[in-house]
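Colleague: Before anything else, here's the structure in question.
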Amino acid sequence: MPINITSILKQGYSRSIKRNGLLLMGIVFVISALNGVLGISITRWIASQRFTPGSVQAEPTLLIPPLVGGLVSLVLGIALLVVSIAAIRVFVSSEIERLPREYFTRNMVWAAINLFVGAIVFGLIVALGFVALIIPGIFLLVTLAFWTVYVAVEDQNFITAFRSSWGLTRGYRLNLFVLGVAVVLLTVLVNLVFGLGELASGSLTGNIIALVFVQAGSAITTVFSTAVLATAYTELKSQDDEERGELTNEDSPAGRPAA
C-alpha cells in the first residue's frame with residue numbers, strides 16, 4: 001500500500017510547530033548562529049594579520065584566533081550532532097510538549113559515533129552512486145534514507161542501520177523519492193526567502209544580519225525535514241508491522257482455511 005505523501009508532509013509540519021519542535025528550532029538556530037559568528041570572527045582575525053588594519057579597525061572588533069575558534073566550533077558541532085539525534089527521537093515518539101532529558105543522553109556516545117562515521121560512509125556511497133550515471137545515487141539516497149533513525153532510535157550500528165533502511169523502503173521507493181523531492185523544493189523555497197538577508201551583507205553588522213537570516217531559515221528546514229523523516233519512518237514501520245501481522249495470521253492454524 002503506497003504512503004500518503006501529502007499526509008506525511010502535513011504531519012511533519014504539524015510536529016515542527018509544536019512546542020518541542022519550536023524549541024528544537026531555537027536550539028539549532030543558536031548553535032548554528034554561534035558557529036557562523038565564529039567563522040566571521042576567524043576571518044576577521046586572519047584579515048587583521050594581513051596588513052589590512054583599515055578594513056578591520058573601521059568597525060567594532062570581533063576577532064578570534066583560529067585555534068580558539070576551531071576548538072569552540074568543534075564543541076558546537078558535537079552539540080549540534082547531539083541535538084540532531086535527540087530531534088529524531090522526539091519526532092518518532094508521541095511527545096509534543098517536552099524535550100525529555102533521556103533523548104539527549106541515552107546511548108548518546110554510541111549513537112553520535114555511529115552517526116558521524118555513518119554519515120561519511122553514506123556520503124561516499126551516494127557520491128559513488130551519482131558518479132555512476134546519477135540514477136544509482138538517487139536510488140541509494142532513497143533506499144538508505146532512514147539509517148539515521150535506526151541509529152538514533154533503535155541503537156543500531158550504522159551498517160545494520162543501512163540494512164534495516166534497505167528493507168524498510170522496499171516497495172515504497174518511488175513514493176519516498178517523490179516525498180524527498182517535495183521536501184527539497186520546500187527547503188529551497190524557505191532558504192531563498194530567508195536568504196534575502198544576504199542583501200544586507202558587506203559590513204560586519206550586515207554580515208551578522210545576513211547570518212541570522214540564513215541560520216533561521218536553516219533551523220526551520222532542518223527541524224521540518226527531520227520531522228518529515230521521522231513521520232515517514234513511523235508510517236512505514238506501522239505498515240510493515242501490519243503486513244507481518246497479516247502474514248502471521250495466515251500462517252497460524254486459526255488463519256488457515258478448513259480442509
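No value in this document is a laboratory result; all are computed from the given coordinates. All values derive from a computational prediction rather than experimental measurement. As a convention, Cβ positions derive from the backbone with ideal geometry for all residues, glycine included, and neighbour counts pool all protein chains shown.
Colleague: Where does the charge balance sit around Val90 when Lys and Arg score +1, Asp and Glu -1, over other residues with C-beta under 14 Å from its C-beta? Provide the component values of the computation, followed by the final result.
Modeller: Values: positive: Arg15, Lys18, Arg19, Arg89, Arg98, Arg101, Arg106; negative: Glu95, Glu97, Glu102.
After counting each charged neighbour, the total is +4.
Colleague: Report the per residue volume, in Å³, of the convex hull enclosing the C-alpha atoms of the stretch 77-198.
Modeller: Per-residue hull volume (Cα only) is 148 Å³.
Colleague: Can you give me the Kirkwood hydrodynamic radius for the stretch 21-235, using every pair of distinct Cα atoms, in Å to one decimal?
Modeller: Evaluated over the stretch 21-235, this radius sits at 19.1 Å.
Colleague: So for the stretch 133-237, what percent of the C-alpha to C-alpha distances run longer than 18 Å?
Modeller: Beyond 18 Å sits 57 percent of the P(r) for the stretch 133-237.
Colleague: Using R₀ = 41 Å, calculate the FRET efficiency as 1/(1 + (r/R₀)^6) where r is the Cβ-Cβ separation of Asn4 and Leu67; round to 0.05. Before the final figure, lay out each step's value.
Modeller: Values: r = 51 Å, r/R0 = 1.25.
Computed FRET efficiency for Asn4 and Leu67 comes out at 0.20.
Colleague: Which loop-located GluC sites (Glu not before Pro) does the stretch 68-134 contain, where loop means any DSSP state but H, G, I, E or B and the Cβ has at most 10 other Cβ atoms within 10 Å?
Modeller: Here the sparse-neighbourhood loop sites are Glu97.
Colleague: As an exercise, use a Förster radius of 41 Å and the Cβ-Cβ distance of Val121 and Glu97 to find the FRET efficiency, rounded to the nearest 0.05. Don't jump to the answer; show the numbers that get you there.
Modeller: Details: r = 36 Å, r/R0 = 0.87.
E(calc), rounded to 0.05, equals 0.70.
Colleague: Oh, and also: Can you order the peptides 109-122, 67-80, 152-165 by their average number of other Cβ atoms within 10 Å per residue, highest first?
Modeller: Order by mean packing, descending: 152-165, 109-122, 67-80.
Colleague: May I ask for the net charge around Asn4, where only other residues with Cβ less than 14 Å from the Cβ of Asn4 are counted and Lys, Arg are +1 while Asp, Glu are -1?
Modeller: 0
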